[in-house]
Every structure is written in structure tokens, then in C-alpha cells.
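The values are calculated or read from the model by the stated rules, or taken from the named source; none is laboratory data. Since the structure is predicted, the reported quantities are computational estimates derived from the model, not experimental observations. Cβ placement follows ideal geometry from the backbone for every residue including glycine, while neighbour counts extend to all protein chains displayed.
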């Protein structure tokens with residue numbers, strides 16, 4: 001089956017610094033990837049849609065200057081949390097779908113646990 | 001997007017059949033029903049999808065009545081490893097860039 005990986009799985013950073021999270025589709029190409037955020041005991045919240053070769057589309061309330069998304073290739077999207085603060089501590093998850101797969105069948109990465117101290 | 005309502009939590013015992021019902025009264029004609037499973041500290045995993053009647057795969061069954069205002073995910077003979085959050089999603093999943101919108105989900109706890 002299709003595999004989506006994320007790196008790192010866990011990251012701890014100090015307040016005010018930036019951290020980059022990678023999302024890779026290992027065995028398929030994805031023109032679109034999605035980024036979600038999940039706080040403890042809560043559901044997934046869509047942050048943005050990452051489009052290869054063009055600007056990302058952000059959901060309402062998500063600061064595009066704080067959460068920088070770059071989809072530089074058909075297998076890699078990156079999310080950079082800039083000037084991180086403790087309230088940005090969360091579980092970040094990406095998803096993608098192989099071409100020809102039904103639209104409702106997304107493949108999710110294992111997630112990245114971000115802790116800002 | 002149609003709003004979905006699921007029980008917050010359910011408990012079951014190993015070996016039992018578990019049925020999780022999702023209410024989606026405002027489902028539209030071209031909406032599909034999809035269920036995902038999420039283990040702690042992992043990304044969700046697609047379980048099953050359906051439009052009407054019954055769908056079965058190697059993991060679960062999905063029952064959808066004629067009015068499609070609800071759906072029931074059925075997990076046969078659950079084990080401890082089925083403890084997870086189960087999400088019901090409803091949407092017109094068409095187009096290449098359709099994102100998924102997750103509701104609150106149901107925490108299923110399987111007890112020994």
C-alpha cells in the first residue's frame with residue numbers, strides 16, 4: 001500500500017525558534033498534500049492544502065506567515081513553524097493520495113510531535 | 001459539509017462485535033460515508049467507505065439505511081488492538097484536491 005512518512009517523529013524546540021517538518025510520499029507522487037494539527041484528546045484540524053509548484057491554501061484562522069508550507073517536489077512537502085511558541089505544541093500530521101485512488105482514501109503520515117519549551 | 005454526530009466513547013470486551021453509529025441527517029445526494037481509525041500518536045487509517053446499503057471488507061462492515069441519515073460501522077470480534085478512535089466522515093469526495101474534515105470521533109476501548 002501507499003506509504004507516507006514524516007520526519008522528525010518528535011521535536012523539541014525553544015520558544016522563538018523555527019522548526020521544519022517533512023512529509024514524503026515514498027512510493028507515489030502527490031501533487032496535493034494536506035497538513036493537519038491535532039491537540040491532545042481532540043480531533044484533527046485541517047491547516048492547509050499543499051500544492052506542488054504553487055502556493056499553499058490555508059484554512060481560515062491559520063497564519064500563513066507562521067506556518068510556511070513548501071511543496072517543492074511531487075514527493076515532498078514541508079511545514080515550517082516559525083517563531084514557535086508553547087501554544088504551537090501539537091501533533092502535526094500530513095496526508096496524501098496516490099493517483100487513481102479514490103478521493104476519500106487518504107494516506108496519513110505517522111505524525112510529528114512538536115513540543116515548544 | 002454534512003455534520004456528523006457520534007458517541008464520544010464506547011467500551012467493549014474482546015471477542016464481541018462492536019457497532020458504532022454515526023448520525024448525518026443533512027447528508028447530500030452526492031455525499032459518501034467514510035470511516036477512519038486512529039491509534040494514539042499515529043496518523044488515521046482508512047477503514048471503509050460506502051454510499052448506500054452494506055459494504056464489507058476484510059476489516060469491517062458498513063451498514064447504511066435507505067434514507068442514509070445514519071451509518072453503522074461494525075467491527076466483528078474485536079481484540080485489544082482495536083482500541084482506537086473511530087471517525088465518521090461525510091462529504092462529496094470528488095475532485096482531485098478534496099480534503100477530509102474530521103468530526104469528534106468515537107473512542108473505542110476494548111477490555112480483556
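Selection of the stretch B:41-63 for residues being more than 30 Å from residue A:89 (Cβ to Cβ) and within 14 Å of chain A (Cβ to nearest Cβ) yields B:48, B:49, B:50, B:51, B:55, B:57, B:58, B:59, B:62. Of the strands (runs of 3 or more DSSP E) lying entirely inside the stretch A:49-105, those carrying at least 3 residues that are touching a residue at least 40 places away in the same chain (Cβ under 8 Å), within 12 Å of the chain's Cα centre (by Cα) and under 17 Å from residue A:24 (Cα atoms) are A:76-81, A:90-96. Residues in the stretch A:50-76 that are buried (at least 20 other Cβ atoms within 10 Å of the Cβ) and within 13 Å of another protein chain (Cβ to nearest Cβ): A:50, A:56, A:71.
For the stretch A:4-20, the tally of residues that are within 11 Å of chain B (Cβ to nearest Cβ) and either free of Cβ contacts under 8 Å to residues at least 60 places away in the same chain or assigned to a loop (DSSP other than H, G, I, E, B) (or both) stands at 1.
Tallying residues that are crowded, with 17+ Cβ neighbours inside 10 Å and at pLDDT below 85 within the stretch B:67-101 yields 6.
Screening A:2, A:30 for residues that are surrounded by fewer than 16 Cβ atoms within 10 Å (Cβ to Cβ) and closer than 19 Å to residue A:104 by Cβ leaves exactly one candidate, A:2.
If the condition is being in a loop (DSSP other than H, G, I, E, B) and touching a strand residue (DSSP E or B) at 6+ places or on another chain (Cβ under 8 Å), then the stretch A:21-39 contributes A:26, A:28, A:30, A:31, A:39.
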